[in-house]
1. What is the number of the single condition among (1) in contact with a helix residue (DSSP H, G or I) (Cβ under 8 Å, 6 or more places away or on another chain); (2) outside any loop (DSSP other than H, G, I, E, B); (3) surrounded by fewer than 15 Cβ atoms within 10 Å (Cβ to Cβ) that PHE188 does not meet?
2. Can you tell me which residue in region 326-342 is farthest from THR126 (Cα to Cα), limited to those that are of a type in the set (A, V, I, L, M) and surrounded by fewer than 23 Cβ atoms within 10 Å (Cβ to Cβ)?
3. Just give me the residues in region 315-328 being closer than 16 Å to THR216 by Cβ and out of contact with any Gly (no Cβ under 8 Å at 6 or more places or on another chain), in sequence order.
4. So PRO71 fits all but one of (1) part of a loop (DSSP other than H, G, I, E, B); (2) closer than 21 Å to PHE360 by Cα; what number is the exception?
5. Taking region 370-411 only, how many residues are open to solvent by 40 Å² or more (accessible area, probe 1.4 Å), under 22 Å from THR40 (Cβ atoms) and assigned to a helix (DSSP H, G or I)?
6. Determine if region 154-168 includes at least one residue that is at pLDDT 90 or above, open to solvent by 30 Å² or more (accessible area, probe 1.4 Å), over 30 Å from PRO324 (Cα atoms) and not aliphatic (A, V, I, L, M).
7. Find the residue count for region 343-358, including only residues that are under 17 Å from GLN116 (Cβ atoms), at pLDDT 75 or above and open to solvent by less than 60 Å² (accessible area, probe 1.4 Å).
8. Name the one entry in ALA162, ALA180 that is of a type in the set (Gly, Ala, Ser), touching a Leu at 6+ places or on another chain (Cβ under 9 Å) and in a helix (DSSP H, G or I).
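The values are calculated or read from the model by the stated rules, or taken from the named source; none is laboratory data. This structure is a prediction, so every number in the text was calculated from the model and none was measured. Cβ atoms come from the backbone with ideal geometry, glycine included; neighbour counts cover every protein chain shown. In case anyone asks, the SASA skips ligands and DNA or RNA and just uses the protein heavy atoms, side chains included. Shrake-Rupley method; radii C 1.70, N 1.55, O 1.52, S 1.80 Å.
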Amino acid sequence: MDTHPRTLKRSLTLRSVVLFGLAYMTPLIVLGTFGVVATTTNGVVPTAYLLALVAMLFTAYSYGRMATAYPVAGSAYTYVRRAIEPRLGFLVGWATLLDYFFLPMVIWLIGGAYLQARFPGVPGWTWILAYIVVTTVLNLLGIKTAERTNNLFMVFQILVIAIFVLLSLRHAVHVDGASALASGTPFFHDGTTFAGISGGAAIAAYSFLGFDAVTTLTEETVDPERTMPRAILLIALIGGAIFVTVAYTTQLAHPGSAFEDSSSAAFEIAVTIGGDLFSSIFLAGLVVAQSASGIAAQASGSRLLFAMGRDSVLPRRLFGYVHPRFRTPAFNILLTGAVGLIALRLSVATSTSFINFGAFVAFTFVNLSVIAMFVRDRRSGAGGRVLTGILVPAVGALVDLWLLFHLDGRALILGLIWLALGVAYLAYLTRFFRLAPPELEFTEDKRPAEPVPTE
């Protein structure tokens with residue numbers, strides 16, 4: 001008899017949710033990708049991040065609106081199926097799995113690559129396994145255990161970023177004098193082009209993936225109708241402020257876009273501004289950042305699988321299972337950890353080539369969900385402002401589509417293949433689309449109804 005309640009424990013505050021979102025975004029990623037963005041923009045990285053921030057705020061607003069309307073786990077999957085159509089919601093959820101489900105694998109792979117570069121005598125698979133085991137155990141023990149660990153990791157990560165910024169400013173003053181601190185060159189110079197900034201913004205937008213991920217924690221958040229919209233906007237704004245500030249000071253310390261290796265430009269800059277000692281500290285910060293991001297990504301991915309399992313879109317006995325003691329989706333956490341083992345056979349380039357496809361598909365349809373909800377409410381006689389119900393989400397959807405079509409060819413092909421598999425599974429699930437995917441009923445307080453015990 002399966003008599004354990006399939007509900008999650010509400011314990012996360014606004015502060016907790018914001019920290020989880022920032023950990024998922026990994027603030028240090030701005031340095032990890034600095035060389036690539038600098039090369040694309042010809043040395044105006046902060047401008048690319050400003051453009052990406054403005055673009056992401058439109059979508060963040062839509063996520064906040066939908067999280068208020070539907071304060072349950074499932075994120076874009078739940079929003080689209082409730083606001084537009086259940087079958088389309090399934091396909092959006094399926095596409096979103098590319099981001100949520102496979103991102104922990106990429107995070108652990110990158111973290112292992114950093115450590116292997118520093119300790120070449122230790123096999124790379126050792127570091128990947130260590131990441132998987134530690135992160136999985138912390139998430140299995142409960143969201144509060146993962147939260148406390150994440151907070152410690154975030155403190156160290158922010159400390160490394162602060163030192164990097166201060167050393168960059170010191171270096172800029174030492175080379176060019178105090179007047180360098182007010183330079184506009186990092187934002188615009190004679191070699192700046194709109195095409196370059198646009199291309200850089202498309203890359204920089206990846207750094208913001210995380211403000212949306214916290215919506216999967218809605219059922220574990222206190223007063224989610226008020227907390228979640230505030231948290232989503234705060235995550236986007238705080239993350240954007242960090243990215244722009246770090247990009248500006250780093251660009252001051254290293255003007256232009258000439259590097260020995262653009263993929264590891266931050267290490268080159270760290271040695272320049274702080275010597276070997278700081279470069280070691282910086283490496284430690286990157287490793288800790290990947291740990292924090294891995295915890296948040298695995299937690300979010302397991303909650304999305306939980307929502308789909310609870311609705312019986314995926315097998316309910318497995319994916320809808322909640323551990324009776326820890327109140328966590330244990331099977332989903334273990335499955336995400338097992339998928340991470342694929343990293344042992346992949347390169348960073350291969351593993352990251354298709355996960356962003358799902359993110360931009362989800363972003364687009366969440367914006368469209370706000371429009372659909374507005375139209376439906378208008379037809380039923382409810383009020384609403386055209387600016388926030390139509391114009392803002394429409395701009396967000398157009399920006400997301402623009403970013404989607406600026407992915408490289410491999411990402412689009414692999415993403416479309418994954419989506420085709422989802423269509424095939426949906427056809428099987430709904431008897432060739434004659435039926436709607438199964439859906440969980442919700443009570444008036446918007447908590448999931450207790451399931452009928454099954455044998």
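1. So the condition that PHE188 fails would be (2).
2. Checking each candidate, the answer is ALA330.
3. Passing the criteria: only VAL322.
4. (2)
5. 5
6. no
7. Final tally of qualifying residues: 1.
8. ALA180
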